[in-house]
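Remarks on the structure that follows.
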Amino acid sequence: MTSSARPADPAGTAARPPLNRRLAEFGTTIFAEMSALAQRTGSINLGQGFPDTDGPEEIREAAVRALRDGRGNQYPPGPGVPELRAAVTAHQLRRYGLTFDPDTEVLVTAGATEAIAAALLGLLEPGDEVVALEPYYDSYAACIAMAGGRRVPVTLRPHEGRFRLDLDELRAAVTDRTRLLLINTPHNPTGTVLTRTELTAIAELAVERDLLVVTDEVYEHLVFDEAEHLPLATFPGMRDRTVTIGSAGKTFSFTGWKVGWVTGAPVLVSAVRSAKQYLTYVASGPFQYAVAEALALPDSYFEGFRADMLTKRNVLATGLADAGFDVFRTAGTYFITTDIRSLGETDGFAFCRALPERAGVVAIPNAVFYDHREAGAPFVRFAFCKRTEMLADATERLRKAFAC
Ligand SMILES: *Cc1c(COP(=O)(O)O)cnc(C)c1O
């Protein structure tokens, strides 16, 4: 046969699409579509949550130093470099009074994203149910699917200006097949920080039904006003059934470094490590040393960072309200969720697809984070981890487009 006689459909992709059934519903993320739209239209991108300024200069220099000194340029140890594991445990102790053994109860990962994937791949059997708070961070559904689990959403619903967890709904979601609760607080995309009452109920349920808990706390340092971040691992009976996920990306404004970690009891961390070692094995060598220094920064860094982000939140919240959006109170994270029904709109997807042309701004329809799409239809998310001038410019554009 000559090459010109090659069949037109060599892999038989017409008969069987290449993407497997587990991932068929997760084509490409909304962020790719919206970022392309932002570029094409010259819009201000408040879609994806990454800062437009880098974190502390001294920490960037610490990474340069590590790289120059030849620390981390070759494969670091599988569990993470000792300096970083020690810094993670020191941080958990200093902030929350939690004690972990850096050798057996800490694992460094390629960002929180890998920690989530490895936790689900390491802890779930096919068919296990995972109860997760809806709307959810976009990798949760895909990772549960990759692990062969079944996701069972519990929907956070607006109540007096904040998204609230319905404790009866949470209880009702747990069955004999439930293996773990997947929690996220401070919560992306709603900006909710779970209250002591909500967390107590989660902890009691986990203990009563003997469930594991995986808790994504990457925004632990971004809580505002009266809200307080309470790690689930600090609640009675929780330390040894909880895998806590943290990350340097959001706390230190270096999202490209991809340094995350998990803490938990040795058997759980070991299960996560079993999966993690066959994903990336290790990552981010020199950055691990820099993040170890970052975690040891004085309280003034964390306070200054929080104050700066609070100012940004206020600029965006006020601007969105002036433009006519119904704005939910953001108690934590990088994000503000709005309700567009106050603008006479009902479909967040259509709204966000048209927004770049209409106003020169990009936002994300919260519906993409829901299984019950209709429950999220009128909600739209904006990120405020951007320079204040940029936020002011964006809200001015929105005001011109909507508030006349
Ligand atoms: C950004 C984010 C992550 C991913 O963190 P990386 O460290 O960048 O992988 C995980 N969970 C939530 C809720 C996030 O917002």
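The values are calculated or read from the model by the stated rules, or taken from the named source; none is laboratory data. Computed from a prediction, not measured in an experiment: that's the story for all the values here. Cβ placement follows ideal geometry from the backbone for every residue including glycine, while neighbour counts extend to all protein chains displayed. Ligands, DNA and RNA are stripped out before the accessible areas are found, and what is left, the full protein with its side chains, is counted by its heavy atoms. Shrake-Rupley method; radii C 1.70, N 1.55, O 1.52, S 1.80 Å.
Working from label points 7 Å from Cα in the Cα-to-Cβ sense, the Asp103 to Asp210 distance is 3.1 nm. Taking all protein chains into account, the per residue accessible area for the chain stands at 43 Å² (1.4 Å probe). Ligands, DNA and RNA left out, the 1.4 Å accessible surface of the stretch 296-341 is 52% carbon and sulfur atoms. When the square roots of the Cα gyration tensor eigenvalues are ordered a ≥ b ≥ c, the ratio a/c for the stretch 171-312 is 1.5 or more and a/b does not exceed b/c, which makes its shape oblate. Between the stretch 199-234 and the stretch 378-394, what's the alpha-carbon centroid distance in Å? Taking the Cα centre of the stretch 378-394 as reference, the centre of the stretch 199-234 is 28 Å away. So which residue, out of Gly97, Gly360, Gly127, gets the largest mean-square fluctuation from a GNM of the chain using Cα contacts under 10 Å as springs? Sorting by GNM fluctuation, first place goes to Gly97. Restricting to Cα atoms and excluding each atom paired with itself, what does the Kirkwood estimate give for the chain in Å? That comes to 22.2 Å for the chain.
For the chain, the number of Lys pairs separated by eight or more positions or lying on different chains, with C-alpha atoms closer than 30 Å, is 10. Between Glu228 and Ala8, the FRET efficiency estimated from the beta carbon spacing at R0 = 51 angstrom works out to 0.25. Expressed as a whole percent, the accessible area of the stretch 175-293 that falls on carbon and sulfur atoms is 49 (1.4 Å probe).
Annotation: the antiparallel percentage among DSSP beta bridges lying fully within the chain is about 50. With contributions of -39500 (n - 2.57) from each DSSP H run of at least four residues, the per-residue ellipticity at 222 nm computed over the chain stands at -12500 deg cm²/dmol. Take each peptide in 136-143, 154-161, count the other Cβ atoms within 10 Å of every residue, and average; sorted highest first, the result is 136-143, 154-161.
Extension gain, Phe26-Asn314: 0.36 nm per intervening residue step, less the Cα-Cα distance, totals 100.3 nm. For the peptides 343-353, 258-268, 241-251, 167-177, residues were scored by their other Cβ atoms within 10 Å and the scores averaged per peptide; the highest-first order is 241-251, 258-268, 343-353, 167-177. Cα gyration tensor of the stretch 329-380, axes a ≥ b ≥ c as square roots of the eigenvalues: rounded (a/c below 1.5), prolate (a/b > b/c) or oblate? It comes out oblate by the Cα gyration axes. The stretch 56-120 and the stretch 240-282 have Cα centres spaced 9 Å apart. So, taking all protein chains as they sit and a 1.4 Å probe, how much accessible area belongs to Met309, in Å² rounded to tens? Here the residue's solvent-accessible area equals roughly 10 Å².
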